[in-house]
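All remarks here apply to the structure that follows.
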Amino acid sequence: MITGYLRIIFVFFILFYSVSAHDLFELIGQNGKVSVTLNEESNFDMKEGLPYTTFTIKTTANSHLVLKSDSAYIVIGENTELAHHDRMFRIDKGTVHVRSSTPTNTEFKCVVDRELYTISGRGFTIIKSNRTMIATVKNGAIIHVSGDLDLDYMLETYQQSSLSDGLSAPEEASAATLKTVANLDGIIDAKVNASIARDIRRYSFQVFKKTQYETTVFRVVHRKPGTNVFIFAPHADEQSAAIVAERFKDAVINNGSITIIPYPVKPAAAMLERLHIFDMNRAFKEKMPDKPNEIEQIAVRYKQMLKEYNIHLVLNMHEGLGWHVSERDKEDLGQTVVYDDKKFDATAKRAIDNINKRIEVKDFRMLPLYKPMPDTLTYYACKRGLDAFGIEVQREITLNKKILLQYAMAEEFLRIYQLK
């Protein structure tokens, strides 16, 4: 239950100018009684979205509404009244929470008492009580004040500032404010995940049944077409690879599909050995030998899946020996993203740069490595026009760190290919 500031009626009003290229606000979810009037038509059905025209929204106690523009999620809290016209919000009462729907900042402009503010950040909340206030929790925000002053004003994490009588000095957010903002942010997580999950089918099946090679294939399929990803962990002694691959069976995606094979060679997995009979990551030959071994025969089924599920992106999960610190270290694969074609330079660098921003210890940062390796899964996929990358974490770091780094790296590729 959201309390405190939300139940007080206010005198001031705020205008939000939302930058968007779409024609509709997408309805992510709602709770309790919410009334919507669209172009003076009462009780408008929002299932297909809310157009950027004239509408009003009123929420009651214990109710809220979550909308999505092209750049942000917007939570309209309980006991809130607002109006919208031509991509502009006027909040007459209550609370509105804004959070970027992308890894970058979202930007809004608001007018308070004839003063124009531009608010840029990953997330912030406008609360109207005895004073109109902006607050942040997980991320800071930059407020640009237009007019004679024309200055930028920074709100750090867990800070608040009044907008009612001009921009006041930042202060530590109160416990009540933190609770309100955290509750609203939690609503986004719950509603977004529930909305996406309704559109996702998860299932698994066994291949090579009733043989020593019987293993499970997991699939996550969204009803909306998009990028189809194949996640593979060829070496059973590289524990983080299989653990990370299997975790993606619970992934929340907004389009496309993921096909996951964490234990492609079950006898090796049972013994935690790198291989059984033959290296699975050297079994993806362009031309099968006259007398293929059992592992090469198994690889044929995995090759078929690339075509069967119309795969666009292959992620091959590994633990690498050594520390790759420069282009000269071709044999040291630890902490790299490996690829077989120079055309993937930019994509690999983009993913790595995004991850390295989060890694404070320089030695743990990832590096790109162009290294064609025939007979590997990525090489085979690349030759068939698929995007393919090997994610190599350093074998000697702790298992938890390997899992954390490898999962983050794989998830970053899902973001780049717009599954998240």
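Please find, among L321, L275, L313, the residue that is within 27 Å of R219 (Cβ to Cβ) and surrounded by fewer than 19 Cβ atoms within 10 Å (Cβ to Cβ). Write out each step before concluding.
Details: L321 fails: within 27 Å of R219 (Cβ to Cβ); L313 fails: surrounded by fewer than 19 Cβ atoms within 10 Å (Cβ to Cβ).
Going through L321, L275, L313 in turn, the sole match is L275.
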Extreme residue, farthest from the chain's Cα centre (by Cα), among residues of region 212-245 that are over 24 Å from R415 (Cα atoms) and assigned to a loop (DSSP other than H, G, I, E, B): Q212
Extreme residue, modelled with the highest pLDDT, among residues of region 113-163 that are aromatic (F, W, Y) and within 23 Å of G77 (Cβ to Cβ): F124
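Yes/no per residue for (1) touching a strand residue (DSSP E or B) at 6+ places or on another chain (Cβ under 9 Å); (2) hydrophobic (A, V, I, L, M, F, W, C):
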| residue | (1), (2) |
| --- | --- |
| V220 | yes, yes |
| F230 | yes, yes |
| S240 | yes, no |
| D250 | yes, no |
| M271 | no, yes |
| P289 | no, no |
Close pairs from region 167-186: first farther than 11 Å from L155 by Cβ and in the same structural domain as Y153 (by TED's automatic domain parsing), partner in a helix (DSSP H, G or I) and small (G, A, S), Cβ under 6 Å, at least 6 apart: A176/G4
Top-ranked residue in region 373-385 [being under 23 Å from E412 (Cβ atoms) and of a type outside the set (S, T, Y); ranked as surrounded by the most Cβ atoms within 10 Å (Cβ to Cβ)]: L377
V137 assigned to a loop (DSSP other than H, G, I, E, B), among the hydrophobic types (A, V, I, L, M, F, W, C) and in the same structural domain as A72 (by TED's automatic domain parsing): yes
In region 69-98, the residues that are surrounded by 22 or more Cβ atoms within 10 Å (Cβ to Cβ) and touching a helix residue (DSSP H, G or I) at 6+ places or on another chain (Cβ under 8 Å): Y73, V75, G77, E78, T80, G94, T95, H97
Test for T157: is it among the β-branched types (V, I, T), within 28 Å of D250 (Cβ to Cβ) and either more than 21 Å from the chain's Cα centre (by Cα) or loosely packed, with under 14 Cβ neighbours inside 10 Å (or both): no
Test: residue in region 386-397 that is surrounded by 23 or more Cβ atoms within 10 Å (Cβ to Cβ), over 26 Å from the mean Cα position of the chain (by Cα), within 22 Å of N281 (Cα to Cα) and modelled with pLDDT under 90: no
Candidate set: region 313-332, residues that are touching a Lys or Arg at 6+ places or on another chain (Cβ under 8 Å) and closer than 30 Å to G256 by Cα; chosen: the one modelled with the highest pLDDT: E319
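Of M88, M46, which residue is hydrophobic (A, V, I, L, M, F, W, C) and either within 25 Å of A173 (Cα to Cα) or at pLDDT below 75 (or both)?
Values: M88 fails: either within 25 Å of A173 (Cα to Cα) or at pLDDT below 75 (or both).
After applying the criteria, what remains is M46.
The values are calculated or read from the model by the stated rules, or taken from the named source; none is laboratory data. Computed from a prediction, not measured in an experiment: that's the story for all the values here. Reconstructed Cβ throughout: ideal geometry from the backbone, glycine too, with neighbour counts over all protein chains shown.
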